[in-house]
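The values are calculated or read from the model by the stated rules, or taken from the named source; none is laboratory data. In this text, all values refer to a predicted model and were calculated from it rather than measured experimentally. Every residue, glycine as well, gets a Cβ built from its backbone with ideal geometry; the counts of neighbours run over all protein chains shown. These accessible areas exclude ligands, DNA and RNA; they are computed on the full protein's heavy atoms, side chains included. Shrake-Rupley method; radii C 1.70, N 1.55, O 1.52, S 1.80 Å.
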Amino acid sequence: MVSQPEAEAKSRPRNAIVVLLDSLNRHMLGAYGATEFDTPHLDRFARRSIRFDRHYAGSLPCMPARHDILTGALDFLWKPWGSIEVWEDAITHQLRCAGVHSYLASDHPHLFESGGENYHPDFNAWEYLRGGENDPWRSVPDPSAAGAPVIPEARPAPVRRPYDDSRTYFRTEADFPGPRTMATAAQWLEDNAGRHERFFLFIDEFDPHEPFDTPEPYASMYDPGWEGPKLIWPPYAVGPIARGKMSEREGRQVRACYGAGLTMIDHWFGRLLDTIDRKGLADDTMIVLCTDHGHYLGEKTVDDLDIWGKPGVPIYETLGHTPLMISWPGRPAGSIQALTTNVDIHATLVDLFGVEPTHRTHGRSMLPLLEGEATSIREWALSGIWGRHI
């Protein structure tokens, strides 16, 4: 006779795919009612997923958020930025011990520099797609005429960035780090899905994080009248327009460049979905679409001043209220109003794969929500007694 836990395990997905798009603004996605930028494939994914309407950032920015997801321990309680500590194990360590194959595809440069240690070693295999943001990938610009030209900035930059050299090696759209990351993940599924008893694929994609650099047709898609150099590096400031440091017209261009990056990575996310569908993986795989935080692009919240980037201001809705969508086999699309955060993604993976953390964690499994057995997992947080439950 099959026990109840064994029956539940057999009915749950065998695999998991987590796609993290960095700096993904919830209020700019069609799935959450936005119309400013085109996100057809994220909307396509939403039509078969559970949309979480009250999902919030836990620790941020980049590395703290990844610490939340991979270790389940809230990073912001005791440090601002850093590695997985020697007394912690990423979930990939427990998965390896349990025989679950894990793979990382990423173009996120902070994972491979000082301050981002120990996030990737316990994956069974991983691929780092070079050339994004401050990655010191190339020593000189591409000397050939075939290389794409550097996009100059309208504002003077006193320090030359590594990206200025790396950018010259991107000849086509497929050469940009974001598209290469999505293509690598899709190819891994083509080659490996079905060859491992269970797998965990983590796609840590840096787009639409700056630089908001895209080729045509994306580059001019949302600001076709702009005639100057593309403003691909947003300011990190409060009130640059209000204080006369940047014009409203330049602000619209920066925002349009973010939208271009969003639409480009949406297109390549669609190719990943095509692979998932072609392989029939959605039938036995939990697929999570999440982010680390949003990104201010001129929203006015501080004394009616415009905010850009991630400056030192309170965490308003734009930055902290983030998208989360989960495709769960057999569950129709819908929405969930439960209060959730990124450590809950870790707790859900732990629950799904039946492993145990070796250190203290703060998450709550979302499986009861996904299986329709609960409507909330941490509403007590709103009553001011959160600390008693961690």
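Scan region 265-311 residue by residue and report those that are among the charged types (D, E, K, R) and either in a loop (DSSP other than H, G, I, E, B) or closer than 26 Å to Phe176 by Cα (or both).
Correct list: Asp266, Arg271, Asp274, Asp277, Arg278, Lys279, Asp284, Asp292, Asp303, Asp304, Lys310.
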Worksheet entry | region 178-198 residues that are open to solvent by 10 Å² or more (accessible area, probe 1.4 Å), paired with ones that are part of a loop (DSSP other than H, G, I, E, B) (beta carbon under 6 Å, 6 or more apart) | Arg180/Leu129; Ala193/Lys279; Arg198/Arg14; Arg198/Val100
Practice prompt. Please verify whether region 346-365 includes one or more residues that are open to solvent by less than 10 Å² (accessible area, probe 1.4 Å), within 19 Å of Asp22 (Cβ to Cβ), modelled with pLDDT of 95 or more and of a type outside the set (S, T, N, Q).
Written response: yes
Worksheet, complete the sentence: Within region 234-264, residues assigned to a loop (DSSP other than H, G, I, E, B), under 23 Å from Arg26 (Cβ atoms) and either within 19 Å of the chain's Cα centre (by Cα) or free of Cβ contacts under 8 Å to residues at least 12 places away in the same chain (or both) come out as Pro234
Response to the item:
Of (1) over 30 Å from Pro314 (Cβ atoms); (2) in contact with a Gly (Cβ under 9 Å, 6 or more places away or on another chain); (3) open to solvent by 30 Å² or more (accessible area, probe 1.4 Å), Met264 satisfies every one except (3)
Discussion item. The conditions are (1) closer than 20 Å to Pro357 by Cα; (2) open to solvent by 10 Å² or more (accessible area, probe 1.4 Å); (3) among the charged types (D, E, K, R); (4) under 16 Å from the mean Cα position of the chain (by Cα), and Arg66 fails exactly one of them. Which is it?
Written reply: (2)
Practice prompt. Collect the residues in region 180-203 that are among the aliphatic types (A, V, I, L, M) and not in a helix (DSSP H, G or I), keeping them in residue-number order.
Written response: Ala193, Leu201, Ile203
Worksheet item: Does Ile336 count as part of a strand (DSSP E or B), among the β-branched types (Val, Ile, Thr), more than 26 Å from Met63 (Cα to Cα) and at pLDDT 95 or above?
Response: yes
Worksheet item: For region 245-266, does any single residue satisfy the condition of being within 30 Å of Trp126 (Cβ to Cβ) and among the charged types (D, E, K, R)?
Response: yes
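So that you can scan it fast, the table gives a plain yes or no per residue for (1) in contact with a Leu (Cβ under 8 Å, 6 or more places away or on another chain); (2) modelled with pLDDT of 95 or more; (3) over 22 Å from Leu129 (Cβ atoms); (4) acidic (Asp, Glu):
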| residue | (1), (2), (3), (4) |
| --- | --- |
| Val2 | no, no, yes, no |
| Arg14 | no, yes, yes, no |
| Pro40 | no, yes, yes, no |
| Lys79 | no, no, yes, no |
| Ser83 | no, no, no, no |
| Asp107 | yes, yes, no, yes |
Discussion item. Looking at Asp43 and the list (1) part of a helix (DSSP H, G or I); (2) touching a residue at least 24 places away in the same chain (Cβ under 8 Å); (3) within 21 Å of Asp207 (Cβ to Cβ), which single condition is not satisfied?
Written reply: (2)
Item to complete: Within region 297-322, count every residue that is of a type in the set (S, T, N, Q) and either crowded, with 17+ Cβ neighbours inside 10 Å or touching a Leu at 6+ places or on another chain (Cβ under 6 Å) (or both).
Response: 2
Worksheet entry | Hits in region 96-127 - residues which are among the hydroxyl-bearing types (Ser, Thr, Tyr), more than 19 Å from Asp292 (Cα to Cα) and either under 17 Å from the mean Cα position of the chain (by Cα) or surrounded by fewer than 17 Cβ atoms within 10 Å (Cβ to Cβ) (or both) | Tyr103, Ser114
